[in-house]
Each structure stands twice: as C-alpha cells, then as structure tokens.
Amino acid sequence: MEIRAAVVSSFDKPPRYEPFDLPAPSDEDQALVDVLAVGLHPRVRTGASGSHYTSTGKLPMVPGVDGVGRGEDGRLLYFVADDDVVGPMATRTVIDRRRSVPLPDDADVVKIAAAMNPAMSSWVALRRRVPIETGQSVLILGATGNAGQMAVQVAKRLGAGRVVGAGRDRARLAALPGIGADATVALTDDADATAAALAAAAAAEVDLVLDYLWGRPAGDAIMALLRARADRGRALNWIQIGAVAGPTIELPSVALRSANLRLQGNGQGAVSTRTYLEELPALVEEIESGGLAVTARPVPLAEVETAWTAPEAPGVRTVLVP
Ligand SMILES: NC(=O)c1ccc[n+]([C@@H]2O[C@H](COP(=O)([O-])OP(=O)(O)OC[C@H]3O[C@@H](n4cnc5c(N)ncnc54)[C@H](OP(=O)(O)O)[C@@H]3O)[C@@H](O)[C@H]2O)c1
C-alpha cells in the first residue's frame, strides 16, 4: 500500500516527506492504523541517524518510536513501534496490537504523543527499576529538558518527599518549583562550584538520582554527593537514563568502594519490553487526567524536513501530525 512518510534515505540527512510502500499486516497480531500524532523525541533522532544501540543500519527507513493512531475499527490507541518495522512517522503504519493501549475517544492525541516517551523514563525507573518508597528524596540530573521536567512531576506523583532539579539552563531551572521541585541546582563546568551548589540544596542526602546527562556533569556530581554524604553506607541508587552531556564518564574506583553507590541504567534492555507495556495504561491515565504538565508543538508531517533541523524550544516537544 502506498502511504506518505518521513523517509530516511541517508543517515546524515533529515528525513523527507515522500511516498513509501507499506507492507500489509502479516499476522493477526498486526493491525493497520491511521497515524494521528508522533513525537520527535531524542531517541527518534538517534534511530534516524543510525546511531542508537538498537539500529540495524537498514535504509530506507521510516523513523519514530511511538505514536497515537486510529484503528480500522475507529478506536483511538497509543502504540509503541517495533524496532524492525516501518516506523510511525507516516500517514498510516502497521502496529503490533500487543504493544498498544486504547485511549478515550476525546484523548488529546498531541499531548499523549509528546509526553509518553519522556515521562515513561522516570515512571518506569521509579516504579520498576528501583521502586521508590514514600518520602524518599530524588535528584534529577538534567531536569530542564522534556524528560527531566516530567521526572520532577512523576517523582512527586509517586510519593517522593523532596525533589531536587539540577541543570544548566537557569531560566528553565527557575520554572521547576512551579511543577513541584523543592530545590534547584545550577550546574556549571566548574566541579567545585557544582559541588557547592549541590551541597547548598542538600542534594548529597538524596536516596535516588535520575540521570539524564551522564558525561562530565554526572562524574562531578557522583563524587560531590559521595564526599558530602553524612552516611556513606546509606544506599544511593543512581539510575542512568540519558547521555546528553556525553557518552562516557571518568569514575574513580573509590566511588564504588567507599560508599553504598548502586549504579544502574533504565532503558530498552535494562527493562523488559513486557514491563514497559504493563506500565502504559497507568501512565496514559496519569497524563490524560492532567497529572503531568506537558508542552507540545504540533507540526504538519509534510514539514518534517524543516522541523527536523529547526532549533528546539527548551522544554517543548515537537509532535508531527499527518
Ligand atoms: N532511557 C530511556 O528510557 C529514555 C527515555 C526518554 C529519554 N531518554 C533520554 O534522556 C535524554 C533527555 O531526553 P529529553 O526528551 O528530555 O530531551 P530534551 O527535551 O532535548 O532535553 C535535553 C535537555 O538536556 C539539556 N542539556 C544538554 N546538554 C547539557 C549539559 N551538558 N548539561 C546540562 N544540561 C544539558 C538541554 O538543556 P540546555 O541545552 O538548554 O541546557 C535540554 O534541556 C536523552 O538522552 C534521551 O535519549 C531516555
């Protein structure tokens, strides 16, 4: 079937809106949907550049990791795309019914497409990877982006006592108390200044860290927190989620010997697909009921090529609408 889609023909160029041949559903678990909204998440960009750890290298490809669509029975649904099929950035696509969840008829499709991916990272981290206990305190490293600002709200909704948001964009940091942060920390390239700012916000006493940055800020923060921690034997669960500040860190071995530091990640592979799917209905409900503030910018799918390279407004998720 011929559809129109955002087609990636070269990993170093943005996708173009072009005709694409969509294979028909191949078994009864697959279903054809009209796509209504697809988020342009960082994970979508790494997939379209061939650099995600799940990338197969096959071209041409249609990007996207999730979306909202309408099935042939007229019902709205949110779906997660398989890694090895035509992605959802298209007028129509084929989904796996087992990776979808029904939405109410009046669901805000753009809001759902914008929020599910960034919100899922903290939701699953705090419900499944290291289940949060009521009253525990959380540091969000990289709280100024879409996933980070969701994480501030998700942590509170899941019972966190104190939430500290850290980032480098001071204007965005100033907005975090309005969505639930109890304190904020301005990160800089100066490790001593970062350590002082973390200490001033009592960040050394948190139970959990959701880390969207990695790279140098994470390395600096781990050491700063461990040095300032009153009781180094108390567990510090560090959950690595994103790496916008760099793919590697330098970590002195003493960090792992001198304190009860538990370093783990949250993502495809660290958590099973089944676990993610089990969490979809509860998260949809949370977003639909207005529990999480979401800022989305809808853009026609036909304009994907320019939308891809346009500067992103901080804290706003672009959503492509066929
Ligand atoms: N594992 C998972 O399940 C999962 C799920 C969702 C997202 N993620 C990952 O999480 C990360 C964030 O995703 P997102 O949706 O929030 O992206 P986003 O909306 O683009 O936000 C990224 C934020 O990082 C900030 N930033 C970039 N470099 C920084 C640095 N060196 N120091 C401090 N802040 C820096 C940016 O702010 P400024 O540049 O304005 O300072 C921006 O606010 C990505 O790596 C994404 O792939 C992982």
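The values are calculated or read from the model by the stated rules, or taken from the named source; none is laboratory data. No experiment lies behind these values; they were computed from the predicted model shown. Positions of Cβ are generated from backbone atoms using ideal geometry, with glycine treated the same way; all protein chains shown enter the neighbour counts. Each accessible area value is taken on the protein alone, full model and side chains, heavy atoms only, with ligands, DNA and RNA left out. Shrake-Rupley method; radii C 1.70, N 1.55, O 1.52, S 1.80 Å.
Quick one: is Q240 modelled with pLDDT under 95, within 10 Å of the ligand (Cβ to nearest atom) and not hydroxyl-bearing (S, T, Y)?
It is false that Q240 is modelled with pLDDT under 95, within 10 Å of the ligand (Cβ to nearest atom) and not hydroxyl-bearing (S, T, Y).
Applying a threshold of 6 Å to beta carbon distances and a minimum spacing of six or more residues, or different chains, the list of pairs starting in the range 164-184 at a residue that is within 13 Å of S137 (Cα to Cα) and ending at one that is away from the ligand (no atom under 13 Å from the Cβ) and β-branched (V, I, T) reads A181/V163; D182/V163; A183/V164.
Entry remark, the range 285-322: residues being within 21 Å of P42 (Cβ to Cβ), part of a helix (DSSP H, G or I) and open to solvent by less than 50 Å² (accessible area, probe 1.4 Å) number 5 in total.
Evaluated against (1) outside any loop (DSSP other than H, G, I, E, B); (2) open to solvent by 50 Å² or more (accessible area, probe 1.4 Å), A230 falls short on exactly one condition, (1).
Looking across the range 256-269, the residues that are modelled with pLDDT of 95 or more, surrounded by 14 or more Cβ atoms within 10 Å (Cβ to Cβ) and either in contact with a strand residue (DSSP E or B) (Cβ under 6 Å, 6 or more places away or on another chain) or over 19 Å from L226 (Cα atoms) (or both) come down to L261, L263, G265, N266.
Per the conditions (1) farther than 14 Å from R92 by Cα; (2) at pLDDT below 95; (3) open to solvent by 40 Å² or more (accessible area, probe 1.4 Å), the sole criterion not satisfied by A48 is (3). Restricted to the range 54-96, the set of strands (runs of 3 or more DSSP E) holding at least 2 residues that are closer than 23 Å to E286 by Cα comprises 66-71, 76-80.
The single condition among (1) in the same structural domain as E133 (by TED's automatic domain parsing); (2) open to solvent by 40 Å² or more (accessible area, probe 1.4 Å) that G242 does not satisfy is (2). For the range 245-281, residues that are in contact (Cβ under 8 Å) with a residue 40 or more places away in the chain and in a helix (DSSP H, G or I) total 7.
Is it true that A155 is within 22 Å of H41 (Cα to Cα) and of a type in the set (A, V, I, L, M, F, W, C)? In short, yes. Every test in (1) open to solvent by less than 10 Å² (accessible area, probe 1.4 Å); (2) hydrophobic (A, V, I, L, M, F, W, C); (3) not in a strand (DSSP E or B) is passed by A37 save one, and that test is (3). Go through the range 80-93 and report how many residues are away from the ligand (no atom under 16 Å from the Cβ) and either open to solvent by 20 Å² or more (accessible area, probe 1.4 Å) or in contact with a Cys (Cβ under 8 Å, 6 or more places away or on another chain) (or both). The number of residues fulfilling the criteria is 6.
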